[in-house]
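Undergrad: There's a structure below that I have some questions on.
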Amino acid sequence: MDFVPAISRWLHLLAGVMWIGLLYYFNFVQVAAMKAAGADGTAGGITKHVAPRALLFFRWAALITWLSGAALLGKAFVAAFTFQGPYVVIGVGAWLGTIMLFNVWGLIWPNQKKILGIVPATDEEKNKARRIAFLASRTNTMLSIPMLFFMAAGAHTAIYFGF
Amino acid sequence: MKNPLDSLWGTVISGLILTVILYNIVKFSLGG
C-alpha cells in the first residue's frame, strides 16, 4: 500500500462526509427547524445544545478535509491550483473547496460566535451576523454541488471528460 | 430581484447551473 495517498484519500472522504453532511444538516434541517422552534419558543435547546456541537465538528472537519486533500494532491498541488493540463478538473474542485473552507473559518464561524453568544454582541450586531452566516452557509451549499462533481470527475476523468 | 440563496430550491438550482457552466468551461479548456 502506498501509505500517504491511501490514508489521505480515506481521511479526505471521512472528514468530507462529516463536513458536507453537517453543512446539509444546517441548510436542509436546522434553518427550517429554528424557524418553527422560534415560533413555539423551543429554539433555545437547538441554540444551546445542538448548534455549538454541530459547529465544532463542522469547522474542524472542514480543515481536515482541506489538509488531507492537499496531502492527496501531493506534488500535483501547484498544477491543480494553477489549472495545468488535465489537473484543471481536480483544480476546479480544489478551488471550490478552498473558497468553502474560507467561508467556514472566515465568515460562518466568527459570525456564529456572535449569534450563539460565545462572543459578546449587540442585538443589531447579532442580526447582521445572522444574515452573513446564513448567506455564507447557503453559498457553500451552492458551491458544494459543482465541488463534489469536480472531485468525482477528477478521480474518474474517463467517465466525465473522456480521457 | 430576490436572492436565490434565500430559498433551498434557489440554492440547489444555482449550484446545478454553476456545475453546467464550469463543466463546459473545463471541457472547452481541455480542447472540447
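The values are calculated or read from the model by the stated rules, or taken from the named source; none is laboratory data. These figures come from a predicted structure and were not determined experimentally. For neighbour counting, all protein chains shown are included, and Cβ atoms are generated from backbone atoms with ideal geometry for every residue, glycine included.
Undergrad: Within the group A:78, A:89, which residue is surrounded by fewer than 17 Cβ atoms within 10 Å (Cβ to Cβ) and under 30 Å from residue A:161 (Cα atoms)? Reasoning before the result, please.
TA: Values: A:89 fails: surrounded by fewer than 17 Cβ atoms within 10 Å (Cβ to Cβ).
The conditions single out A:78.
Undergrad: Just wondering, is there one or more residues in segment A:65-84 that are out of contact with any Pro (no Cβ under 8 Å at 6 or more places or on another chain), among the aliphatic types (A, V, I, L, M) and under 27 Å from residue B:10 (Cα atoms)?
TA: no
Undergrad: Kindly check whether there is at least one residue in segment A:148-155 that is within 14 Å of chain B (Cβ to nearest Cβ), in a helix (DSSP H, G or I) and either in contact with a strand residue (DSSP E or B) (Cβ under 6 Å, 6 or more places away or on another chain) or not hydrophobic (A, V, I, L, M, F, W, C) (or both). Give the derivation first.
TA: Let us first name the residues in segment A:148-155 that are within 14 Å of chain B (Cβ to nearest Cβ), namely A:148-154.
Checking the rest, the ones that are also in a helix (DSSP H, G or I) come to A:148-154.
Checking the rest, the ones that are also either in contact with a strand residue (DSSP E or B) (Cβ under 6 Å, 6 or more places away or on another chain) or not hydrophobic (A, V, I, L, M, F, W, C) (or both) come to A:154.
Checked segment A:148-155: at least one residue is within 14 Å of chain B (Cβ to nearest Cβ), in a helix (DSSP H, G or I) and either in contact with a strand residue (DSSP E or B) (Cβ under 6 Å, 6 or more places away or on another chain) or not hydrophobic (A, V, I, L, M, F, W, C) (or both).
Undergrad: In segment A:107-163, how many residues are among the charged types (D, E, K, R) and surrounded by 18 or more Cβ atoms within 10 Å (Cβ to Cβ)? Show your work before the answer.
TA: Taking segment A:107-163 first, the residues among the charged types (D, E, K, R) are A:113-114, A:123-126, A:128, A:130-131, A:138.
Cutting the leftovers down to surrounded by 18 or more Cβ atoms within 10 Å (Cβ to Cβ) gives us A:114, A:138.
Of the residues in that region, 2 qualify.
Undergrad: Being in a helix (DSSP H, G or I) and among the small types (Gly, Ala, Ser) is the filter; apply it to segment B:8-32 and report the residue that is farthest from the other protein chains (Cβ to nearest Cβ).
TA: B:10
Undergrad: Being farther than 20 Å from residue B:18 by Cα, more than 14 Å from chain B (Cβ to nearest Cβ) and in a helix (DSSP H, G or I), is that true of even one residue in segment A:129-142?
TA: Yes, some residue in segment A:129-142 is farther than 20 Å from residue B:18 by Cα, more than 14 Å from chain B (Cβ to nearest Cβ) and in a helix (DSSP H, G or I).
Undergrad: Enumerate the pairs (first residue in segment A:144-163 and more than 19 Å from residue A:17 (Cα to Cα); second residue anywhere and at pLDDT 95 or above) with beta-carbon separation below 6 Å, excluding pairs fewer than 6 apart on the same chain, so at least 6 apart or on different chains.
TA: From segment A:144-163, the pairs are A:157/A:89; A:160/A:153; A:163/A:157.
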